[in-house]
Amino acid sequence: MTVPVVLDLAAARSVLESQPFSRLLGARLTAFGDGHATLEVGIREELRQQNGFLHGGVVSYAADNALTFAGGAALGPAVLTGGFSIQYVRPATGRTLVARAQVLHAGRRQAAVRCDLSTVGEDGTETLCAVAQGTVLSAS
């Protein structure tokens, strides 16, 4: 029986840092392990759309990566997103986007994962802006 290699927060941060697009967005992992992951992106002007809200593509990126990191915390480091859906609840405004993902169920080769995405306002108040759910697949 093969035991999957489990990453710790420092190793997971190294994986995120190796992604050029994640560096471009300034994404950071603030929690990782035991089937969960939290990814944050600072909201800045160049990430907004024409109405001043955080672009939906940035929200979707955060969901995708948080889902996959959470799945990797359960399945091991060699994982891929199998697919996900996202529901935008309200426009994303504030200073920080926070994507908190949690594995709902993990088998040997795939995991079902949920992600709640919130924005943090200047006063520290969190507001839910989207929810996502997806499947993460073991690539090994």
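Bear in mind that the values in this text are calculations on the coordinates, not laboratory data. This is a predicted model, so every value here is computed, not measured. Virtual Cβ from ideal backbone geometry, glycine too; neighbours counted across all protein chains shown.
Brief remarks follow.
- Using a simple spin-label model with pseudo-atoms 7 Å out from Cα toward Cβ, GLN49 and ALA10 lie 4.1 nm apart.
- Each of PRO91, GLY121, LEU104 was placed along the dipole of region 9-138 (beta-carbon charges, centred on the mean Cα), and the one lying farthest toward the positive end is LEU104.
- What you get for region 9-138, charging only the Cβ of Lys and Arg (+1) and of Asp and Glu (-1), is a dipole of about 320 debye around the Cα centre.
- CD proxy at 222 nm, helix term only [per DSSP H run n ≥ 4: -39500 (n - 2.57); per residue of the chain; nearest 500]: -7500 deg cm²/dmol
- All Cα-Cα separations within region 9-138 were binned at 5 Å from zero, giving a P(r) of 2, 13, 23, 24, 20, 12, 5, 2, 0, each value a whole percent of the pairs.
- Applying 1/(1 + (r/R0)^6) with r as the Cβ-Cβ distance of GLU122 and THR81 and R0 = 22 angstrom yields a FRET efficiency of 0.10.
- Between GLU17 and VAL89, the FRET efficiency from the beta-carbon distance, with R0 = 22 Å, is close to 0.15.
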